[in-house]
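Here is the structure we will look at, set down as structure tokens.
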Amino acid sequence: MRPAKTPAGQRCETCKFWDDGGDEEDAKPRQGDCCRFPPVRNLLPDDDETPSHRLWSYPVTGGHWWCGEFKDFDA
């Protein structure tokens, strides 16, 4: 089965919910965090050594990806 075709211009890197974290514009592939929904609990151990802010994270996506939740900056 072929993947769905990404609608023109609706990539993660052009979505208002995407944060590239300062990734270089010419990085190949660009990566960033999808901040469309709240962060989720990751698999790091919950112990006294792990800071609480590292226990939660946003999904990491490629700038060229598309999920169907795209929102333009002007919306």
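Numbers for the structure displayed
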{"read-out": "Residue match in the stretch 64-71 (condition: at pLDDT below 80, in a loop (DSSP other than H, G, I, E, B), out of contact with any strand residue (DSSP E or B) (no Cβ under 9 Å at 6 or more places or on another chain) and open to solvent by less than 80 Å² (accessible area, probe 1.4 Å))", "value": "no"}
{"read-out": "Residues of the stretch 31-54 that turn out to be under 13 Å from Trp65 (Cβ atoms) and touching a strand residue (DSSP E or B) at 6+ places or on another chain (Cβ under 7 Å), as a count", "value": "4"}
{"read-out": "Complete set of residues in the stretch 30-45 that are assigned to a loop (DSSP other than H, G, I, E, B) and either touching a Leu at 6+ places or on another chain (Cβ under 6 Å) or closer than 22 Å to Leu55 by Cα (or both)", "value": "Cys35, Arg36, Phe37, Pro38, Pro39, Asn42, Leu43, Leu44, Pro45"}
{"read-out": "Enumeration of residues in the stretch 1-29 that are assigned to a loop (DSSP other than H, G, I, E, B) and either touching a helix residue (DSSP H, G or I) at 6+ places or on another chain (Cβ under 6 Å) or β-branched (Val, Ile, Thr) (or both)", "value": "Thr6"}
{"read-out": "Some residue of the stretch 31-54 being out of contact with any helix residue (DSSP H, G or I) (no Cβ under 8 Å at 6 or more places or on another chain), open to solvent by 80 Å² or more (accessible area, probe 1.4 Å) and in contact (Cβ under 8 Å) with a residue 24 or more places away in the chain", "value": "yes"}
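The values are calculated or read from the model by the stated rules, or taken from the named source; none is laboratory data. Predicted model only: the values in this text are computed from it and were never measured. For neighbour counting, all protein chains shown are included, and Cβ atoms are generated from backbone atoms with ideal geometry for every residue, glycine included. Surface areas here come from the heavy atoms of the whole protein model, side chains and all, with no ligands, DNA or RNA. Shrake-Rupley method; radii C 1.70, N 1.55, O 1.52, S 1.80 Å.
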